[in-house]
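The values are calculated or read from the model by the stated rules, or taken from the named source; none is laboratory data. Predicted, not measured: the structure shown is a model, and the values here were computed from it. FYI the Cβ positions are ideal-geometry reconstructions off the backbone, even for glycines, and counts take in every protein chain you see.
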Amino acid sequence: MKKIALAIGTTFALFSLSSLATNDGSLATGSSTGDLDITVEIPDLVQISGLNNIDLGTFSGSDLSGEDQVCVYRNGSGDYEITFTAGSNNGAADAASGVTGYELESSAGDTIAYTVDFEDSLAGAYADTDVGINSALAGQNGDDADATCGSGSNAKVRVNVAASEMESSPAGDYVGTLYMTVSPE
Amino acid sequence: MLRRLSALGLLLFSQWAFAFVEITGLDDIQLGVWSGSGGLMGSDSYCLVSKQSATSTTPVRYDVAAYGPDDGAGNFVLLNSVDNSQLPIQLTWNGNNGSYLMTDYNVTRFLTPLQNGAINCGQAAANISITIEALAGDLASARAGTYSGSFQIDALQSQNPRRYVIESYSVTIPELVQISNVDDIDLGVFSGVSDAVGTDRLCVFRNGAANYALRASGGVNASDPFVLNNGGNSLGYNVSFREGSGAFTERTPGQLLTGLSGSSAQNCGGGTNAEVQVRVLQADMLASAPGTYTGILYIVAEAQ
């Protein structure tokens with residue numbers, strides 16, 4: 001059995017604030033009016049959520065694929081980009097993302113390569129297939145109103161392992177970690 | 001603020017044929033309308049002749065006692081025309097032998113030291129004045145209204161009184177209110193995970209520590225909505241008030257929060273007595289485009 005876990009990343013952009021003026025009210029009969037300025041800064045925000053592990057099941061001689069639907073929030077009308085990195089750790093989840101390649105690894109240290117596809121919608125076909133590791137996919141559209149997409153999803157990721165990779169590998173459980181980092185454009 | 005005295009009335013009672021006391025040139029005292037800052041003070045000069053008889057050229061020394069409404073301890077006050085609440089005043093009698101803060105003789109038995117008599121108004125010893133002062137703190141603490149009082153001053157020649165009634169020291173205190181200590185509220189940078197909340201502590205002065213109400217709007221009109229703007233984008237916010245450190249009460253534009261107690265000290269003596277809270281909801285910010293959103297919040301304190 002081979003499993004892939006997914007992780008999230010967020011990026012913020014900050015701006016400096018300016019100081020404005022206030023006015024105390026004057027001493028007066030009846031009423032007195034003061035005014036103050038209110039300022040709030042909304043930075044470029046992005047968030048990926050709704051991630052679940054992908055269990056590719058048991059190899060039975062055919063290619064294996066697994067998909068996870070996720071939510072990517074991006075405030076305003078701007079796009080986001082997504083970058084994939086990966087890690088493997090002798091059949092266990094890996095806390096360190098790497099850029100050497102998409103690999104699943106067994107406890108014996110044997111590895112199987114996999115590929116990654118991404119699509120920034122649920123209904124559409126995968127526009128980005130065989131995505132290069134640590135290579136940003138720009139021009140993605142996120143949900144600009146709800147950080148959790150209304151508890152739903154608006155994007156999907158798919159991992160694929162070719163039968164030829166598994167046929168040449170020793171039996172065992174192969175595990176890897178796929179990291180997805182989204183950033184505002 | 002110095003107020004000129006005007007029109008001090010005088011009644012003269014001559015009770016002893018062998019003595020002569022005459023006061024001329026007195027005017028009524030109107031301290032006027034308090035503007036809300038500083039104290040009120042006025043003085044009036046007059047002539048006091050004291051001699052053995054109307055035709056005498058021999059001056060006679062005298063001392064002075066004063067009578068009038070007091071606070072129970074002999075300190076003079078003016079009385080509110082509606083509820084008889086008190087406004088402390090200081091009555092200073094400026095004679096030719098010194099100035100004296102007068103108190104009610106009926107309570108304190110205070111007499112000035114002997115003053116030199118004068119045989120006519122041309123003599124320096126005849127030049128007398130009275131000063132009335134209401135202190136700023138007392139004016140601020142007093143409830144709005146018109147305060148007045150009638151006071152009597154006795155000039156005593158060898159214990160033989162000559163009584164002069166001075167009428168109508170008065171002052172009017174309008175319903176005053178002032179909001180101060182207003183500062184900008186910087187909600188900072190939206191974290192993405194919670195509402196943006198900011199507060200500003202305020203001072204609301206209300207003379208007599210009377211009640212007031214607060215309302216707010218996002219523009220000069222009372223019902224202008226609470227909106228921050230960033231170019232063509234807008235972002236709503238909520239406004240709440242509280243008195244002291246109590247619970248915040250949310251208000252819509254123009255909606256009054258009533259029954260608040262004002263401070264009788266302008267600028268609250270350097271402190272505060274109310275607070276405004278501004279809240280921008282997380283969901284609203286998540287649904288808004290990035291950028292800096294600003295707006296002006298108008299806060300109105302109304303006398304009640």
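Looking across the range A:63-102 at every residue that is crowded, with 16+ Cβ neighbours inside 10 Å and either on the phi > 0 side of the Ramachandran plot or without any contact (Cβ under 8 Å) to a residue 60 or more places away in the chain (or both), the one that is farthest from the other protein chains (Cβ to nearest Cβ) is identified as A:G91. Among the residues of the range B:172-196, those that are farther than 26 Å from B:G262 by Cβ and either in a strand (DSSP E or B) or in contact (Cβ under 8 Å) with a residue 24 or more places away in the chain (or both) comprise B:D186, B:L187, B:G188, B:V189, B:F190, B:G192, B:V193, B:S194, B:D195, B:A196.
Out of B:G122, B:G72, B:G137, B:G95, one residue alone is buried (at least 18 other Cβ atoms within 10 Å of the Cβ) and of a type in the set (G, A, S). It is B:G95. Take B:A213 and tell me if it is in a strand (DSSP E or B), on the phi < 0 side of the Ramachandran plot and more than 12 Å from chain A (Cβ to nearest Cβ). For B:A213, the condition - in a strand (DSSP E or B), on the phi < 0 side of the Ramachandran plot and more than 12 Å from chain A (Cβ to nearest Cβ) - is not met.
Here is a list: B:S240, B:S170. Which entry is in contact with a Ser or Thr (Cβ under 8 Å, 6 or more places away or on another chain), hydroxyl-bearing (S, T, Y) and under 25 Å from B:E302 (Cα atoms)?
Being in contact with a Ser or Thr (Cβ under 8 Å, 6 or more places away or on another chain), hydroxyl-bearing (S, T, Y) and under 25 Å from B:E302 (Cα atoms) holds for just one of B:S240, B:S170, which is B:S240.
Note on the range A:2-109: enclosed strands (runs of 3 or more DSSP E) holding 2 or more residues that are modelled with pLDDT of 85 or more, within 14 Å of the chain's Cα centre (by Cα) and under 26 Å from A:M166 (Cα atoms) are A:64-74, A:80-87. With respect to the conditions (1) surrounded by 14 or more Cβ atoms within 10 Å (Cβ to Cβ); (2) more than 7 Å from every other protein chain (Cβ to nearest Cβ), A:T58 falls short on a single one, namely (1).
Would you say B:S150 is under 24 Å from the mean Cα position of the chain (by Cα), surrounded by fewer than 18 Cβ atoms within 10 Å (Cβ to Cβ), modelled with pLDDT under 95 and closer than 23 Å to B:T24 by Cα?
Details: under 24 Å from the mean Cα position of the chain (by Cα): yes; surrounded by fewer than 18 Cβ atoms within 10 Å (Cβ to Cβ): yes; modelled with pLDDT under 95: yes; closer than 23 Å to B:T24 by Cα: yes.
Judged against the criteria, B:S150 is a match.
Scanning the range B:194-210 for residues that are touching a helix residue (DSSP H, G or I) at 6+ places or on another chain (Cβ under 7 Å) and either of a type in the set (V, I, T) or at the interface with chain A (Cβ under 10 Å from one of its Cβ atoms) (or both) returns B:A196, B:C203, B:F205, B:N207.
Evaluate the following for A:L51: is it crowded, with 19+ Cβ neighbours inside 10 Å and either among the hydrophobic types (A, V, I, L, M, F, W, C) or within 22 Å of A:T129 (Cα to Cα) (or both)? Steps first, please.
Details: crowded, with 19+ Cβ neighbours inside 10 Å: no; either among the hydrophobic types (A, V, I, L, M, F, W, C) or within 22 Å of A:T129 (Cα to Cα) (or both): yes.
It is false that A:L51 is crowded, with 19+ Cβ neighbours inside 10 Å and either among the hydrophobic types (A, V, I, L, M, F, W, C) or within 22 Å of A:T129 (Cα to Cα) (or both).
Looking across B:L79, B:L139, B:L87, B:L91, one residue alone is under 30 Å from B:S35 (Cα atoms), in a helix (DSSP H, G or I) and in contact with a Phe, Trp or Tyr (Cβ under 7 Å, 6 or more places away or on another chain). It is B:L139. Please list, ordered by first then second residue, the pairs with beta carbon atoms under 6 Å, 6 or more apart or interchain, first in the range A:27-46 and more than 7 Å from chain B (Cβ to nearest Cβ) and farther than 22 Å from B:E302 by Cβ, second assigned to a strand (DSSP E or B) and of a type in the set (D, E, K, R). Every condition considered, the pairs that remain are A:V46/A:R74.
Of the set (1) more than 34 Å from the chain's Cα centre (by Cα); (2) aliphatic (A, V, I, L, M); (3) more than 9 Å from chain A (Cβ to nearest Cβ), all apply to B:V239 but (1).
For the range B:245-304, a residue qualifies if it is of a type in the set (V, I, T), over 32 Å from the mean Cα position of the chain (by Cα) and away from chain A (no Cβ under 13 Å), and exactly one does: B:T252.
For the range B:165-178, filtered to residues that are surrounded by fewer than 23 Cβ atoms within 10 Å (Cβ to Cβ) and away from chain A (no Cβ under 14 Å), the residue that is modelled with the highest pLDDT is B:S170.
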